[in-house]
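Working notes, structure below.
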Amino acid sequence: MDKSMLKRLADAQQEYMVRMRREFHRHPEIAGEEYHTREVLIREIEGLGLPYRKLEGTGLIAVIKGGKPGKHKVLRADIDGLQVPEEEENLKGKKACISCVEGLSHACGHDAHTAMLLGTMKVLAAVQEEIEGTVYCCFEEGEERSTGVAAMLEALKDYPIGECFALHVYNKLEAGKLNVEPGPRMAGTVRIGFCVHGRGGHGSRPDQAVNPIIPAAHIITQLDGAFANQLDAEETVTLSICVLKAGEIENSIPEQVYIGGTARFFSREEGEKALQIINKIAKNTADSHNCQVSFTPKHRVCLFPVINGRQAALGMQEKVKEICGDVLAPCGRWYASEDYSRYLERYPGSLGFLGIRNEAAGSGAAHHNGKFDIDESVLALGALAELAFVFGSQDGQAPSERGEEGND
């Protein structure tokens with residue numbers, strides 16, 4: 001089986017993947033509630049005659065055992081939608097399909113990820129005897145809230161995984177292009193959430209109350225200065241305070257103020273340091289105003305950066321060149337976060353960006369946005385990239401030209 005055959009097989013799944021992507025798109029489900037999505041996935045997997053494993057929650061693992069010895073590999077797609085109302089038009093005009101569920105949408109592209117992995121599985125099932133090793137096709141629930149990754153990784157402990165790969169569609173990259181680079185590719189996240197507690201009272205006598213709004217304001221302004229002066233200037237760490245909730249009556253001092261937001265980082269060390277700075281400033285500033293601070297359970301480093309292993313990423317580049325042709329393109333780091341980082345903390349592997357920006361088609365709006373849309377023509381390329389991960393050779397030779405690998 002050569003690269004031209006792989007391309008023909010991937011291209012042959014284009015119509016199927018578009019149909020599946022639109023089915024998922026019309027019926028988005030938020031994290032932990034992907035019941036219809038799982039029913040559809042089970043229907044398709046059973047139709048291929050493949051064994052699968054239901055995880056606690058709504059996640060699934062389909063297993064494709066090859067006819068030849070080789071590595072055990074993971075392909076991963078996320079399946080959840082978002083609580084983002086969808087607009088009927090993208091940046092150019094009407095979308096091909098829109099969500100049928102009010103207030104929910106696939107505004108990040110997980111519908112495309114799921115459809116592409118199904119298309120890849122159809123090809124793999126058709127050429128199963130040619131596969132070296134075993135491929136685990138993982139459909140992860142709840143990526144947006146990181147509610148399904150723990151169950152997925154726990155299940156994968158039962159298998160001798162040697163390498164992993166995943167794709168994420170990306171609005172900043174031109175449609176028809178792929179990017180796989182070593183090093184940090186998506187940011188880690190410090191999730192910020194804490195309350196400043198004071199003592200309520202009448203607005204006419206602030207001296208008889210302890211107003212938590214004052215230290216809250218000082219905390220927010222001091223964080224910018226602390227980040228600029230205490231974090232490594234060569235390591236980017238962004239800070240966004242997105243929630244500030246206090247009183248509702250103009251002449252009543254509230255009991256507490258809630259502050260929420262995120263910090264994003266590409267260095268684990270700087271991310272952990274950022275959290276320490278936030279905690280120290282919040283506690284000390286509140287104390288100087290006779291207030292107290294309580295941190296919510298979500299106030300923590302919730303995700304580390306997605307960091308592609310050098311060998312895995314460079315090897316994947318060679319596989320893409322070999323199987324997909326001249327489609328690689330440079331692309332900057334993405335400041336969004338992804339719980340695929342947890343796979344890469346455990347296994348060698350990489351995350352690739354699949355470009356979806358097409359001015360003529362109107363795709364290119366920001367992710368998590370009502371106008372977000374993808375260029376569906378890229379689905380076949382995505383499937384081909386996943387096939388390259390399975391069949392490509394890191395030395396650039398075609399699979400038929402190299403010796404078989406032993407089992408892990």
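The values are calculated or read from the model by the stated rules, or taken from the named source; none is laboratory data. Quick caveat, the model's predicted, so the values are computed rather than measured. Positions of Cβ are generated from backbone atoms using ideal geometry, with glycine treated the same way; all protein chains shown enter the neighbour counts.
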Filter region 138-166 down to the residues that are surrounded by fewer than 22 Cβ atoms within 10 Å (Cβ to Cβ) and either in the same structural domain as GLY271 (by TED's automatic domain parsing) or farther than 26 Å from PHE265 by Cα (or both) and list them by number. GLU154, ALA155, LEU156, LYS157, ASP158, TYR159, PRO160, ILE161, GLY162
Looking at region 239-268, which of its residues are closer than 28 Å to ARG185 by Cβ and surrounded by 13 or more Cβ atoms within 10 Å (Cβ to Cβ)? LEU239, ILE241, GLY260, GLY261, THR262, ALA263, ARG264, PHE265, PHE266, SER267, ARG268
Hey, could you check region 274-302 for residues that are within 25 Å of the chain's Cα centre (by Cα) and assigned to a loop (DSSP other than H, G, I, E, B) and say which is surrounded by the fewest Cβ atoms within 10 Å (Cβ to Cβ)? PRO297
Only one of SER252, SER267, SER240 is hydroxyl-bearing (Ser, Thr, Tyr), over 30 Å from ILE307 (Cβ atoms) and in contact (Cβ under 8 Å) with a residue 12 or more places away in the chain. Can you tell me which? SER252
Count of residues meeting criterion [touching a Lys or Arg at 6+ places or on another chain (Cβ under 9 Å) and crowded, with 18+ Cβ neighbours inside 10 Å] in region 214-238: 2
Subset of region 1-56 that is farther than 20 Å from LEU387 by Cβ and β-branched (Val, Ile, Thr) - its residue that is surrounded by the most Cβ atoms within 10 Å (Cβ to Cβ): THR37
Mind checking whether some residue in region 359-376 is under 22 Å from GLN317 (Cα atoms), at pLDDT 95 or above and of a type in the set (Phe, Trp, Tyr)? no
Can you tell me which condition GLY193 does not meet? The list is (1) assigned by TED's automatic domain parsing to the domain that holds ILE61; (2) not in a helix (DSSP H, G or I), and all the others hold. (1)
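One line per residue, one yes/no per condition, for (1) crowded, with 19+ Cβ neighbours inside 10 Å; (2) in a strand (DSSP E or B):
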residue	(1), (2)
HIS72	yes, yes
GLU87	no, no
CYS100	no, no
GLY103	no, no
THR120	yes, no
TYR136	yes, yes
HIS168	yes, yes
Can THR134 be described as closer than 21 Å to HIS27 by Cβ and among the polar types (S, T, N, Q)? no
Some residue of region 83-104 being within 20 Å of the chain's Cα centre (by Cα), free of Cβ contacts under 8 Å to residues at least 60 places away in the same chain and closer than 24 Å to ALA365 by Cα: yes
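Yes/no matrix, rows are residues, columns are (1) touching a Cys at 6+ places or on another chain (Cβ under 6 Å); (2) not polar (S, T, N, Q):
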{"site": "ALA175", "(1), (2)": "no, yes"}
{"site": "VAL196", "(1), (2)": "yes, yes"}
{"site": "PRO212", "(1), (2)": "yes, yes"}
{"site": "HIS218", "(1), (2)": "no, yes"}
{"site": "GLN222", "(1), (2)": "no, no"}
{"site": "ASN229", "(1), (2)": "no, no"}
{"site": "LEU239", "(1), (2)": "no, yes"}
{"site": "CYS242", "(1), (2)": "no, yes"}
{"site": "GLY261", "(1), (2)": "yes, yes"}
Spot the failing condition for LYS319; the list is (1) surrounded by fewer than 19 Cβ atoms within 10 Å (Cβ to Cβ); (2) within 18 Å of GLY382 (Cβ to Cβ), and only one is missed. (1)
Against the conditions (1) in contact (Cβ under 8 Å) with a residue 40 or more places away in the chain; (2) in the same structural domain as ASP158 (by TED's automatic domain parsing); (3) over 29 Å from LYS95 (Cβ atoms), where does THR296 fall short? Just the number, please. (2)
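A quick yes/no check of all residues on (1) among the small types (Gly, Ala, Ser); (2) in contact with a strand residue (DSSP E or B) (Cβ under 8 Å, 6 or more places away or on another chain); (3) at pLDDT 95 or above:
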| residue | (1), (2), (3) |
| --- | --- |
| ASP2 | no, no, no |
| ILE30 | no, yes, yes |
| GLY47 | yes, no, yes |
| GLY81 | yes, yes, yes |
| PRO85 | no, yes, yes |
Output the number of the condition that GLY271 fails; it satisfies all remaining conditions of (1) surrounded by fewer than 17 Cβ atoms within 10 Å (Cβ to Cβ); (2) at pLDDT 95 or above. (1)
Candidate set from region 366-382 (those that are under 18 Å from the mean Cα position of the chain (by Cα) and crowded, with 21+ Cβ neighbours inside 10 Å); member that is farthest from ALA96 (Cα to Cα): GLY382
